[in-house]
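The values are calculated or read from the model by the stated rules, or taken from the named source; none is laboratory data. Remember, predicted model here, so these are calculated numbers, not experimental data. We place every Cβ from the backbone using ideal geometry, glycine too, and count neighbours over all the protein chains shown. Heads up: the accessible areas ignore ligands, DNA and RNA and are worked out on the full protein's heavy atoms, side chains in. Shrake-Rupley method; radii C 1.70, N 1.55, O 1.52, S 1.80 Å.
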Amino acid sequence: MFYMHLLVNRRGPLAKIWLAAHWEKKLTKAHIFECNLEATIKKIVSPKFTIALRTSGHLLLGVVRIYHRKTKYLLSDCSEALTKMKTAFRPGLVDLPEESCEAAYQSITLPEEFHDFETTLPDLK
């Protein structure tokens, strides 16, 4: 009646979810990112054949654990990027001498007069 062995075998569609529910430490980071949680939840909620309530509970626990690990990886990546940005753009870290902290006006401003436009063009014949 309940075809759990078809879902949970090693190559079944929900095998990694079952592993996450029961042996969470056995899943690697690559396995976590391979899981498409949206498709997995659709398989659990509307299966092709009957799944026992207890089995669907275990599978949903696996989904929650995988989602937790994905969010934990995202948080660590974001905090690492934030610390790198903070160290790259520190306000007190300038290696210029005190007298040359500002650029001269002439070095960063284009001239107002363009003399090249007043020259005659060469004859093309």
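Here are some notes:
- Thr71 vs. criteria under 29 Å from Pro13 (Cβ atoms) and either at pLDDT below 85 or not hydrophobic (A, V, I, L, M, F, W, C) (or both): yes
- The set of residues from segment 1-16 being of a type outside the set (Lys, Arg), open to solvent by 100 Å² or more (accessible area, probe 1.4 Å) and either at pLDDT 70 or above or part of a helix (DSSP H, G or I) (or both) comprises just one member, His5.
- Wholly enclosed helices (runs of 4 or more DSSP H) of segment 17-125 bearing at least 2 residues hydrophobic (A, V, I, L, M, F, W, C) and either in contact with a helix residue (DSSP H, G or I) (Cβ under 9 Å, 6 or more places away or on another chain) or open to solvent by 100 Å² or more (accessible area, probe 1.4 Å) (or both): 29-34, 37-45, 53-88
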